[in-house]
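Novice: Structure provided below as structure tokens; questions to follow.
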Amino acid sequence: MKIRNVLICLCSLLLSLSVSAKTFTVGVALANFDLNFVSILRTQMQAELKANQLNGQFVDAKGDVALQVQQVDDFINQGVDAIILNPVDTQGVLPMINAAKNANIPLIFVNRKPEVKLQGDVAYVGSDSALGGEMQMEALAKKMNYKGNVAILMGALSNEEARERTRAVEAVIAKYKDMKVIEKQTAKWQRNEAVDVVSSWLLNQRPIDAIAANNDEMAIGAIMALSQAKNEKILVAGIDGTPDGQQFVKNGKMALTIFQDAKGQATGAVQVTKALLDKQKVQAYNWVPYKTITPENYAQFVGQQ
């Protein structure tokens, strides 16, 4: 009888240990692996998930909203414990929010803020898009002595960050009577698209004094187009502070960029995910601050992405 009781106790202990030692699986749905900042975010998140002993499954939506909705459904059907989502379209997130809620799975948005109210086990970790645009244009306006014509390279218009950064840039320009926007066009976050857009502006002899790009990749594309045209007079500013962007600031080709902290966003997203898995309360919005990178201070940011 005693042996039987001992065996029962051992089985109970082993069962308890196996339950407590469960490793959570997190599905990570990213908008597009090909985007430089998203690629950096992915690498940082992989390291942070591993450091927190969480399994991560990463999928690439390739910029396709319908594909991303299907990927989130697949995660739910596979029984993941939580989902981290970098949305393709910040206005098209409700189907994924509802699916996660119905399955009682925490959903954490990262980098791109969804344009719906967040509540329950749904949270956002990232930066304030409008503030990034404001910081970029204020610093660029100062370098322009608060006068001149500005062209804006916008990201994909399905993204909140592209629209908010652009609106903020326009608002800053509107403050200064000797400044105005003379061109505004999307290059969809892509370097090669920006080369084509800026080449067209130059071909049409637009009187541009500075270009404010919604991200570093488009800023670099603008610089490439200017280099091909042997035009070194136009100032170019980016946002993200990617390693490539920092290099262009270092070389004096890019006037400035706004550092968007990929490591901070990745770490924050995983920490919020872990807290929700541990049934802790979290804030709906978790902000990661921006910083301005210039030729004078770029060395402080080397290796931070």
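Novice: From the list ALA237, ALA262, ALA266, which residue is modelled with pLDDT under 95 and under 20 Å from the mean Cα position of the chain (by Cα)?
Specialist: Just one listed residue meets the conditions, ALA262.
Novice: Right, another one. Take the range 215-233 and flag every residue that is surrounded by fewer than 24 Cβ atoms within 10 Å (Cβ to Cβ), part of a loop (DSSP other than H, G, I, E, B) and in contact with a helix residue (DSSP H, G or I) (Cβ under 9 Å, 6 or more places away or on another chain).
Specialist: The answer is ALA229, ASN231, GLU232, LYS233.
Novice: For the range 243-266, how many residues meet the condition of being surrounded by 24 or more Cβ atoms within 10 Å (Cβ to Cβ), polar (S, T, N, Q) and assigned to a loop (DSSP other than H, G, I, E, B)?
Specialist: Here the count works out to 1.
Novice: Out of ASN5, ASN77, which single residue is at pLDDT 95 or above, of a type in the set (S, T, N, Q) and either open to solvent by 50 Å² or more (accessible area, probe 1.4 Å) or touching a helix residue (DSSP H, G or I) at 6+ places or on another chain (Cβ under 7 Å) (or both)?
Specialist: It is ASN77.
Novice: Having 2 or more residues that are touching a residue at least 24 places away in the same chain (Cβ under 8 Å) and under 15 Å from the mean Cα position of the chain (by Cα) is the bar; report the helices (runs of 4 or more DSSP H) wholly within the range 60-154 that clear it.
Specialist: Fully inside the range 60-154 and qualifying: 129-143.
Novice: To continue, here is another question. Need pairs with beta-carbon distance below 6 Å; first residue more than 8 Å from MET218 (Cβ to Cβ) and part of a loop (DSSP other than H, G, I, E, B) and within the range 174-199, second modelled with pLDDT of 95 or more and open to solvent by 50 Å² or more (accessible area, probe 1.4 Å); sequence gap 6+ or separate chains.
Specialist: As it stands, the answer is TYR176/TYR146; ASP178/LYS147, since those pairs meet every condition given.
Novice: I've got another one for you. Looking at the range 33-59, which of the residues that are free of Cβ contacts under 8 Å to residues at least 60 places away in the same chain and not in a helix (DSSP H, G or I) is surrounded by the fewest Cβ atoms within 10 Å (Cβ to Cβ)?
Specialist: Here the residue is GLN53.
The values are calculated or read from the model by the stated rules, or taken from the named source; none is laboratory data. Nothing here was measured: the structure is a model prediction, and the numbers come from that model. Ideal geometry is used to build each Cβ from the backbone, glycine not excepted, and the neighbour counts take in all protein chains shown. Only protein heavy atoms, including side chains, enter the accessible area calculation; ligands, DNA and RNA are left aside. Shrake-Rupley method; radii C 1.70, N 1.55, O 1.52, S 1.80 Å.
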